[in-house]
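Some notes on the structure that comes next.
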Amino acid sequence: MTHSIDKALAAYCRLLEAVLVLLLAVMVAMVFGNVVLRYGFNSGIAVSEEMSRWLFLWLVFLGATVAVRERAHMGTELLLERMPQGAQKAVLVLGQGLMLWVTWLMFSGSLAQTRINWDAEAPVTGFSMAWVYATGLVFSVSTALMLGSDLWRTLRGELTPGQVIAQHHACEGAEAQAEARAFERRDGGSASDR
């Protein structure tokens, strides 16, 4: 059962990644098109500024959802590594429980704001301002499923603290390698210019 849940969550995150690409493309097109129209034709897209802000909000929250799935957010693995084996699992379960609680807080706050702003209209587009606060709803429901799955797998012994630590180190290693390559390209380019 947990394998099918993991497959479903992975497919969901791939869908979110495709939506992220689409949102970013639309944002870039709107902002760039607006700049070209303003400077080249003394015109502009009236909804561009408002819509690009909304798309950016959705981009951030959906991206954060994917990052939760990949465990790419900041963690305290350094502390976890130094604990005894039994304490590691307890702290991991405690951390997952706290994250679920914060997710619940975010859900309840976003739901309240979505309801309050349901009839409020955005100044330029006239769309409901509930769309702004719905980002928190989508994020909290999605991440609650992911965190709940992780908690269930941890309690069953399928997800160990060692696996979480290794995955975090793998993410850090990939980031460090990308930064080193970028630094070498930048440093090598400036040295060849001299």
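The values are calculated or read from the model by the stated rules, or taken from the named source; none is laboratory data. Since this is a predicted model, take the numbers as computed values, not measurements. As a convention, Cβ positions derive from the backbone with ideal geometry for all residues, glycine included, and neighbour counts pool all protein chains shown.
Structural remarks
- Residues of region 1-59 classified as among the aliphatic types (A, V, I, L, M) and under 26 Å from Pro123 (Cα atoms), total: 22
- For region 1-41, filtering for residues that are within 19 Å of Thr65 (Cα to Cα) and in contact with a Ser or Thr (Cβ under 9 Å, 6 or more places away or on another chain) leaves 6.
- Among residues of region 31-59 that are β-branched (Val, Ile, Thr), those with a Cβ under 8 angstrom from a residue that is modelled with pLDDT of 80 or more and surrounded by fewer than 17 Cβ atoms within 10 Å (Cβ to Cβ), sequence gap 6+ or separate chain, pair up as Ile45/Gly33; Ile45/Leu37; Val47/Val124; Val47/Thr125.
- Of the residues screened, Ser48 is one that is of a type in the set (Ser, Thr, Tyr), touching a helix residue (DSSP H, G or I) at 6+ places or on another chain (Cβ under 8 Å) and surrounded by 14 or more Cβ atoms within 10 Å (Cβ to Cβ).
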